[in-house]
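Note sheet for the following structure.
Every number in this text was worked out from the coordinates using simple rules, so none of it is lab data. Everything numeric in this text was worked out from a predicted model, so none of it was measured. Every residue, glycine as well, gets a Cβ built from its backbone with ideal geometry; the counts of neighbours run over all protein chains shown.
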Ligand SMILES: Cc1cc2nc3c(=O)[nH]c(=O)nc-3n(C[C@H](O)[C@H](O)[C@H](O)COP(=O)(O)O)c2cc1C
């Protein structure tokens, strides 16, 4: 496989939810995780944990929990879910919705489900009290200590020709998933990455984003970075 450059990976690591069930060699998964653990974390604690779920029965059960979480969300948050971001066309919005719906039905068929988790530090557990969950106070620092690793893994997948997407829907079934994977109370799951080779017709490609001049300012927020 030809190496691709960093910027090509960044510009083409789009969400891929249509994955082939074919196994992914462990050496590729190790490369992905090895890229993940190069990420920064607060005070370089590196209190991350990655669970690679390959067992078919576990994947099927997580897939079922993910689907059920999706059904619950769709009934409880239907208004929010149909709130199309202004910058997306109706067709573009529907493409995301139907791709996400496909994943809800097929998550368990991905050959690898990679859970990116954080173990609460002793100090945080003291603040968090029983259950040891990361308290709200440190939630931002906690998230910022795992999502850079997740993005590194997304880029590594892209470079290796593997499809993936950052998902969080599983957090609505957090307790069941933790018990299924024997995760202790002080471990919190932050992202579930289904990983596999992309199905035909679902290649990596451009990630459409708002232009930088719409989101960037110079010195103060009333001064656009680039005057139009
Ligand atoms: C915090 C976060 C949570 C997400 N959760 C889900 C999810 O639960 N299910 C899903 O299918 N996609 C999920 N996504 C993927 C987004 O829909 C996707 O990154 C976005 O639409 C951009 O896709 P693109 O890179 O292909 O343009 C999530 C992304 C982020 C950053």
Seminar exercise, completed: Taking Cα atoms only, Rg over Rh for the range 157-228 with Rh from the Kirkwood formula is 1.19
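Can you tell me the relative contact order of the chain? Whole percent, Cα pairs under 8 Å, sequence separation 6 or more.
About 36 percent, as a whole number.
Tally the DSSP beta bridges in the range 6-215 and give the antiparallel ones as a percent, rounded to 5.
Values: 17 of 18 bridges.
Of the beta bridges lying entirely in the range 6-215, close to 95 percent run antiparallel.
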Exercise. Gain in length, residue 99 to residue 203, computed as 0.36 nm per residue apart minus the alpha-carbon separation, to one decimal in nm?
Worked result: 36.1 nm
Problem set entry | Shape parameters for the range 26-127, alpha-carbon atoms, Rg then Dmax in Å | 17.7, 48
Exercise. What Kirkwood radius, in Å to one decimal, follows from the Cα pairs of the range 6-215?
Worked result: 18.1 Å
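Using the count of nearby Cβ atoms within 10 Å as a rough guide to exposure, how do 18, 182, 204, 87 rank from fewest to most?
Details: 18 16, 182 8, 204 21, 87 12.
Arranged by neighbour count, lowest to highest, 18, 182, 204, 87 become 182, 87, 18, 204.
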For this session: Along Cα→Cβ, 7 Å out, is where each label goes; now give me the distance between the ones at residue 4 and residue 49 in nm to one decimal.
Result: 3.3 nm
